[in-house]
Amino acid sequence: MLSNQHFYYRTIRRNVIAMGNLFKHIQLVRYSKDTFNEIDRIIVPLTYAGKENFITRLYQNLDLKKPVQVLLPRMSFYMTDISYDPSRKISSYLSSFNKVSTTTVNQQYSGVPYDLTFELVIYVRNVEDGTQIVEQILPYFNPDHTLSMTFVDSMNLTRDVPIILENVKYDNDYAGPAEETTRIVTWTLTFKMKTYFFGPVNTGKLFAMFLRIH
């Protein structure tokens, strides 16, 4: 039977924010063609949005009188799947404890392992911009990058969450009539985030809580 105790830790939101924070400071540098000196530097904007919706917005706002470089580069990311991971299952009776006072503790059963799948899509005007951005990401995933995350504030418990780079895909997309074709180069990186979901926190006297779980 499910618990009648309400609980909500914003777990999915925490994971989405943690994923976005990995990529929000990526920079793109423009160089002069002759001397290869830096002439401009920007932080690539990052949005939470699906690839199809984002590309549709770009195509609908294309203006031949307006340089496409004003719109690009851009990045978007979004969650595409949630699935249970039986390979990381541990005993449902294992608990964590956090001391509230000399006689009172918080108790919570171990987290349930789930995998969240994310796609990060990079939209650029030319191949060179795309490779510059991708090269700032790939070295950090070999093939995973691990974050330490706090899931339940009242338990003050952190877990290591590996993020695995599973696939990298490159595409050339074209928009508009043949005589007005505009190219948008996209890179799609697929990640799997090995996270956890947690049930309710129980608060009680130290000795009584010990008897309860035994």
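Brief remarks on what is shown
- Taking the inverse of the mean reciprocal distance over all distinct Cα pairs, the Kirkwood hydrodynamic radius of the stretch 109-152 comes to 13.7 Å.
- Taking amide H atoms as placed 1.01 Å from N in the peptide plane, the amide H of T80 lies under 5 Å from those of T117, F118, E119, each 5 or more residues away in sequence or on another chain.
- Which of S154, S87, S96 is most accessible, then next, and so on - probe 1.4 Å: S87, S154, S96
- Restricting the stretch 92-172 to chymotrypsin sites (Phe, Trp or Tyr not before Pro) in coil, as DSSP defines it, with at most 11 other Cβ within 10 Å: Y93
- For T104, the amide hydrogen comes within under 5 Å of the amide hydrogens of L206, counting only partners 5 or more places away or on other chains and with H modelled in the peptide plane.
- A cut-off of 5 Å between modelled amide H atoms, ignoring neighbours fewer than 5 places along the same chain, links E166 with T190, F191, K192.
The values are calculated or read from the model by the stated rules, or taken from the named source; none is laboratory data. Everything numeric in this text was worked out from a predicted model, so none of it was measured. Counting neighbours? That spans all protein chains shown, and the Cβs are built from the backbone with ideal geometry, glycine included. The protein model used for the area step is the full one, side chains on, heavy atoms only, and it has no ligands, DNA or RNA in it. Shrake-Rupley method; radii C 1.70, N 1.55, O 1.52, S 1.80 Å.
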